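Okay, so here's the structure we're looking at.
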Amino acid sequence: MKIVALVGSIRKESYNLKLAKFMQERYKGRLDIEIGNIRDLPHYDQDIELDPPAVVKAFKETIADADAVLWVTPEYNYSIPGVLKNAIDWLSRVDKLMIGKPSLVVGASMGQLGTVRAQQHLRDILFSTGVSSPNMSGNEVYIGSVHEKINDAGQLVHEPTIAFLDTVVDNFIKFQK
Ligand code: FNR
């Protein structure tokens, strides 16, 4: 299954990026995960949506080629980061590439709640008319205190979290068939 991971943090040492890379490695062979580039997308602008810059076209092609999207989001001020919302706004217009394309949502934060509020917003957004992406209920991955679960080498080393991720990925593979 071809998956594009969209990571809501663009900083180099992002825990969410490390989580995306961990999933890329661990589920190799079952999920073919490519990490999408949202850093270089310009702000969404309706005036140019019909003929957007090349970077937007390339981004949309990556999503069009994918069977599903893996959202890996931090929480910024109780919501998803603006860079992620901006990417979704591009995807929600003209060719509306997310409609019917399944989503798997995960997220990590240093706080206890592990992006609960951000993911709640993200699920609302995925439900919107221009996005309309199916996602599984009952498989919510909130990784709190992430700085204690990822080691200095950037590896997720918290066994209960890994076991839960394994279950969710199994469920997602069945869900999207
Ligand atoms: C945060 N952080 C944060 N954490 C949280 O649990 N709830 C929140 O609302 C916020 N808000 C917030 C806003 C901004 C602008 C920043 C920079 C940070 C902390 C956040 O969870 C922490 O910095 C994570 O490490 C960010 O994810 P990455 O960059 O490590 O993937």
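Read-outs: derived from the displayed coordinates by stated rules, not from any lab. What you are looking at is a predicted structure, and each value in this text was computed from that prediction instead of being measured. Methodologically, a virtual Cβ is constructed for each residue, glycine included, from the backbone with ideal geometry; neighbour enumeration extends over all protein chains shown.
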**Q.** Linear extension gain, THR129 paired with LYS28, 0.36 nm per residue minus alpha-carbon span
**A.** 33.1 nm
Q: Report the chymotrypsin sites (Phe, Trp or Tyr not before Pro) located in region 14-85 that are in a DSSP loop and have at most 14 other Cβ atoms inside 10 Å of their Cβ, or state none.
A: TYR78
Q: Of the DSSP beta bridges with both residues in region 2-176, give the percent that are antiparallel, rounding to the nearest 5.
A: 10 percent
Q) Any idea how far apart VAL94 and ILE173 come out in nm if each label point goes 7 Å out from Cα toward Cβ? A) 3.6 nm
Q.
Explain nothing, just the number: relative contact order of the chain, from Cα pairs under 8 Å at least 6 residues apart, as a whole percent.
A. 23 percent
Q: Over every pair of different alpha-carbon atoms in the chain, take the mean of 1/r and invert it; report that Kirkwood radius in Å.
A: 16.3 Å
Q. Which pairs in the list LYS60/LYS96; LYS2/LYS28; LYS2/LYS101; LYS96/LYS174; LYS18/LYS174; LYS28/LYS60 are over 20 Å apart, alpha-carbon to alpha-carbon?
A. LYS96/LYS174; LYS18/LYS174; LYS28/LYS60
(Q) To the nearest 20 Debye, how big is the dipole of the chain about its Cα centre, given +1 on the beta carbon of each Lys and Arg and -1 on that of each Asp and Glu? (A) 260 debye
